[in-house]
Each structure stands twice: as C-alpha cells, then as structure tokens.
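There's a structure below that I have some questions on.
Bear in mind that the values in this text are calculations on the coordinates, not laboratory data. Quick caveat: nothing in here was measured; it's all calculated off a predicted structure. For neighbour counting, all protein chains shown are included, and Cβ atoms are generated from backbone atoms with ideal geometry for every residue, glycine included.
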Amino acid sequence: MVGVDDRDGGPAGPRGRIGRSGEDAAARYLAGQGWRIIGRNIRVDRDELDIVALDAARPTQLVIVEVRASSRGGFGHPLESVDARKVARLYRAASRLTRSGGVATPDHRIDGWRVDLVTLSRSGARDWTVTAHLRGLEPP
C-alpha cells in the first residue's frame, strides 16, 4: 500500500521533533536549490520515504531523499546511520512507489529515479546545517 503519512504522526517526543525539524530544513535546502518537492513522509508498505522531489538539473528524474539529522555529536555523524540494509529498503520502496504510480508529478514525465541522502547537524538551538548531499546512492 502506498500512502502519505500524517505530518503529526511519526515518533513522538524530542526525537520526533528533531526528525521533523531536520526534514523541514532539508526540504528548504532542496527547494533553495530549485528542486520541486512532490511529497513528504510517503509510506510504502512498512517503509517511509522522507522526501520525494524533482531535481532542478534533471526535472524528469524523481529523487527519493533520505534525511538524517543529528543535533548532538555524541551519536556519530548522520552518514554512519545509513547502512546497506537501509539503502536496500529505500530502493525497494522507491521501486514500488514508481511502479504503483503513487506519485503525481507536475508534468507526468518521469524518465527514471534515484536515491539521495541529505545529512544535517546543529548544536543546541542553532539552525540546521547541511553537512552532506550524496547523490545516487547505490544499492548493495
């Protein structure tokens, strides 16, 4: 099943607020780069896609964006939290989403898709800083 999560759903408490705040910052970053955000928090079976967008440089390519945000340095860099299993789940969900036609795009011309990773960090209450944008993650 393909569906869009309720923005108020997801993890409760501080962890959920940090995640939503990081996703909001990632969406602003991508929009600032000229990307068009198509959907957020899209649930595909048991998997969730944080952001689905169109890259300004390739507007007919759908991009599935995984967002990892860290507000404290004690847990390692957000890049370290995305392993081969997570990338495989993203590919599985993205494949199902595109095959199901579950994403409406502005012009309905999609000639492919890829999976990107955006990581962010911050100290205290400061604004989020994008620390990496890895394009075209490869499945294991």
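Rounded to whole Hz and in sequence order, give me ³J(HN,Hα) for the range 87-103 from the Karplus expression 6.51 cos²θ - 1.76 cosθ + 1.60, θ = phi - 60°, writing x for Gly and Pro.
4, 4, 5, 4, 5, 4, 5, 4, 4, 5, 4, 5, 5, 7, x, x, 10
Next up: Along the Cα-to-C-beta direction of Ala125, a point sits 7 Å from the Cα; which residues of the range 17-36 have their amide N less than 17 Å from that point?
17-18, 21-22
Would you mind calculating the gained length between His133 and Arg58 on full extension (0.36 nm times residue separation, minus the Cα-Cα distance), in nm to one decimal?
Using 0.36 nm per residue and subtracting the Cα-Cα distance, I get 25.4 nm.
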